Every structure is written in structure tokens, then in C-alpha cells.
Amino acid sequence: MSDNTLVPDFVSASIPVRDILPWMLFGILLLLALYFIGIEEGATSIIPGMYVHEFVHDGRHLLGFPCH
């Protein structure tokens, strides 16, 4: 009787930074856009006044964020 052992040929592949960087930038821009559209007003406001709120007002309603 033979004892055959299956050894997987799994080699972890490293992903170069130049392939990850565009997706990281896209994710950061997406999070910033969601912040300014959804949260930028009132107590959490980074920019004083209602300029950002009024600029993204229709986008807030389109994405379902309540604002008034």
C-alpha cells in the first residue's frame, strides 16, 4: 500500500502597489463624496455655513439622505 500525500501548489501572489493605487484613490474619493453628500451639515460640518449642503442638496434627496 502506498502513502500518497497531496501537497497543494499554492503560492501567494503579491499585488503590486501600482495595481492597488487606482482602487485606493477611487475608494477615498467615493468616501469623500458620500461624506459631503450625506453628512456635511450641522454638528459634523467641516466647512462652515450651508454652501456644501446647498450645492449637494438634490444629490442628498436622490440618494435618500434626509436633510429637512
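So that you can scan it fast, the table gives a plain yes or no per residue for (1) modelled with pLDDT under 85; (2) not small (Gly, Ala, Ser):
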position: Leu30; (1), (2): no, yes
position: Gly38; (1), (2): yes, no
position: Glu41; (1), (2): yes, yes
position: Ile46; (1), (2): yes, yes
position: Gly49; (1), (2): yes, no
position: Phe55; (1), (2): yes, yes
position: Arg60; (1), (2): yes, yes
position: His68; (1), (2): yes, yes
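With the structure loaded, tell me whether Leu34 is within 21 Å of His61 (Cα to Cα) and surrounded by 10 or more Cβ atoms within 10 Å (Cβ to Cβ) or whether it fails that test. Steps first, please.
Values: within 21 Å of His61 (Cα to Cα): yes; surrounded by 10 or more Cβ atoms within 10 Å (Cβ to Cβ): yes.
Judged against the criteria, Leu34 is a match.
The values are calculated or read from the model by the stated rules, or taken from the named source; none is laboratory data. Model, not experiment: these values are computed from the prediction. Backbone-built Cβ (ideal geometry, glycine too); neighbour counts: all protein chains shown.
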